[in-house]
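A.B. asks: Encoded as structure tokens, here's the structure I'll be asking about.
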């Protein structure tokens, strides 16, 4: 029978296979993993979040999401690998064990399931959600421009046919609203990491304004350490910095909203590569990408453990 | 299902403000159906654009007439998509 030990992490999977993986992981590890449904997508698909917890109630937590832009397949694949890694290393990795002793980890692997299914069936290059808003000729909203942080400013488009369409209003996308509601109701999330591809970047707020965040110095130092850890494995080179200074102005972005909610350790990753395959990264790079990214994630989580706030 | 036969991904690295401006203006040419994989960020940073086959010649001519150099990052997008699909099928069959 299929188990998460026989699951093939070195290939891309469709939505059903990823959801089956999640159920297997929960069934194999009922004392550590549970599956929450935080909402439903536009096309009424469940939005599943894996919760890794050793108990307690409402403990400080880390949130990691992958796949908010559906065509960035290496991110969902890395999310699957992270989930298994947490199980595998929960005891033999001292750092991870100490993190799990005190904190919970929430992992949303397929944050945009409608878009993901669409990339698997209709259009491999689809990025946005699959919502249809009355006043728009085109389908989909960029879920990384739909958050209530600088919403509608420059750095997003008001054109429904654009890949960076911000949507008719903040949180118009159920995929976004579900996370917003979850973060607000949980109230104790201390780190929020949203994973994209590609470009090999580690970014922190802000994207909608050039005003540095109050915690810029600390976030920059963490980024430096995290990128050093990431590069130590395979030499993969990353740049890091605030969104607006490192790439461009982006309004309504996820981590700008989470930072403004008081979640100090808010980061966005842009995984491999820097532009040979782009979104079509070969499957043989899934595991090395996930392995190196995991080292950076552990730096961020360890820093958060050592610097409670 | 959308196919990408003949689509190419071009890489442009703007080296001066004028080139950067011209590349930014491409984003408004909706008729070319350009898909910006990497949007313009600034001088020296790559801009990657997936170009549908019918737009390839007009775009290349436009870039060349404006003296904007480009490289071809992906020769044929469909070839990579097909390879990816085949690998997934092979893995599923193995399962």
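Readers should treat all values here as calculations from the given coordinates under stated rules, not as data from a laboratory. It should be emphasised that the depicted structure is a prediction, and the values quoted were computed from it without experimental measurement. Cβ coordinates were reconstructed from backbone atoms using ideal geometry, including for glycine residues, and neighbour counts include every protein chain displayed.
A.B. asks: Can you compute log10 of I(q)/I(0) for the range A:150-232 with the Debye formula, treating each Cα as one identical point scatterer, at q = 0.10, 0.14, 0.21 Å⁻¹?
C.D. replies: -0.36, -0.71, -1.29
A.B. asks: What do you get for Rg/Rh over the range A:8-52 if you use C-alpha atoms and the Kirkwood form of Rh?
C.D. replies: Radius of gyration over Kirkwood radius for the range A:8-52 works out to 1.01.
A.B. asks: Now for a separate question. What does the range A:1-83 give for Rg and for Dmax, in Å, if only its C-alpha atoms count?
C.D. replies: 13.3, 37
A.B. asks: Here is a further query. Going by Cα centres, the range A:23-46 and the range B:63-89 are how many Å apart?
C.D. replies: For the range A:23-46 versus the range B:63-89, the Cα centre distance is 36 Å.
A.B. asks: I would also like to ask the following. For chain A, set up a Gaussian network in which alpha carbons nearer than 10 Å are linked by springs, and say which option among A:238, A:277, A:48 fluctuates the most.
C.D. replies: Between A:238, A:277, A:48, it is A:277 that shows the largest mean-square fluctuation.
A.B. asks: Taking each pair of distinct Cα atoms in the protein assembly as shown once, what is the resulting Kirkwood hydrodynamic radius in Å? Please report the intermediate quantities before stating the final value.
C.D. replies: Details: mean 1/r = 0.0465 Å⁻¹.
This gives a value of 21.5 Å.
A.B. asks: Write down the percent of antiparallel bridges among all DSSP beta bridges whose residues are both part of the protein assembly as shown, to the nearest 5. Mind showing how you got there, number by number?
C.D. replies: Values: 24 of 48 bridges.
About 50 percent, rounded to the nearest 5.
A.B. asks: Sticking with this structure for a sec: Could you put A:255, A:299, A:74 in order, starting from the residue whose Cβ has the fewest other Cβ atoms within 10 Å? Let's see the in-between values first.
C.D. replies: On the way: A:255 25, A:299 19, A:74 28.
Ranked by crowding around the Cβ, least crowded first: A:299, A:255, A:74.
A.B. asks: Within the range A:182-309, what percent of beta bridges assigned by DSSP are antiparallel, to the nearest 5?
C.D. replies: Working: 3 of 14 bridges.
Percent antiparallel among DSSP bridges in the range A:182-309 is about 20.
A.B. asks: With viscosity set to 0.890 mPa s at 25 °C, what whole-number translational diffusion coefficient in µm²/s follows for chain B from Stokes-Einstein and a Kirkwood radius over Cα pairs?
C.D. replies: Details: Rh = 14.4 Å.
For the chosen part, D equals 171 µm²/s.
A.B. asks: What's the long-distance tail for the range B:56-95, i.e. % of Cα pairs beyond 11 Å?
C.D. replies: So the portion of pairs separated by more than 11 Å is 71 percent.
A.B. asks: Compute the projected area of the convex hull of the Cα atoms of the range A:112-172, averaged over all viewing directions, and report it in nm² to one decimal place. Can you show the working numbers first?
C.D. replies: Working: hull surface 15.6 nm².
Approximately 3.9 nm², given one-decimal rounding.
A.B. asks: Here is a follow-up. Per q in 0.17 1/Å, what log10 I(q)/I(0) does a Debye calculation on the alpha-carbon atoms of the range A:28-164 return?
C.D. replies: -0.95
A.B. asks: So how far, in whole Å, is the C-alpha centre of the range A:98-124 from the one of the range B:1-46?
C.D. replies: 29 Å
A.B. asks: Top mean-square fluctuation among A:228, A:77, A:27, Gaussian network model of chain A, C-alpha springs under 10 Å?
C.D. replies: Its mean-square fluctuation being the largest, the pick is A:27.
A.B. asks: Whole-Å semi-axes of the range A:107-259's equivalent ellipsoid, largest first, each the root of 5 times a Cα gyration tensor eigenvalue? Don't jump to the answer; show the numbers that get you there.
C.D. replies: Values: eigenvalues 142, 67, 50 Å².
After scaling each eigenvalue by five and taking roots: 27, 18, 16 Å.
A.B. asks: For the range B:1-50, take the convex hull of the Cα atoms, compute a quarter of its surface area, and give me that in nm², please. Write down the numbers at each step before the final one.
C.D. replies: Values: hull surface 14.5 nm².
For the range B:1-50, the mean projected area of the Cα convex hull comes to 3.6 nm².
A.B. asks: Could you tell me the relative contact order of chain A? Use alpha-carbon pairs under 8 Å, at least six residues apart, and round to a whole percent.
C.D. replies: Working: 651 pairs, mean separation 64.0, N = 309.
RCO, chain A: 21 percent.
A.B. asks: Find the centroid of the Cα atoms in the range A:230-309 and in the range A:173-222, then give the distance between the two in whole Å.
C.D. replies: Each part's Cα centre sits 10 Å from the other's.
A.B. asks: So, one more: Over all directions, average the projected area of the Cα convex hull of the range A:229-309 and note it in nm². If you can, show how the numbers build up before the last one.
C.D. replies: Details: hull surface 25.9 nm².
For the range A:229-309, averaging the hull's shadow over all directions gives 6.5 nm².
A.B. asks: Figure the gain on full extension for residue A:57 and residue A:211 (residue separation times 0.36 nm, minus the Cα-Cα span) and round it to one decimal in nm. Could you put the intermediate results ahead of the total?
C.D. replies: Values: separation 154, 0.36 × 154 = 55.44 nm, distance 3.63 nm.
That works out to 51.8 nm of additional length.
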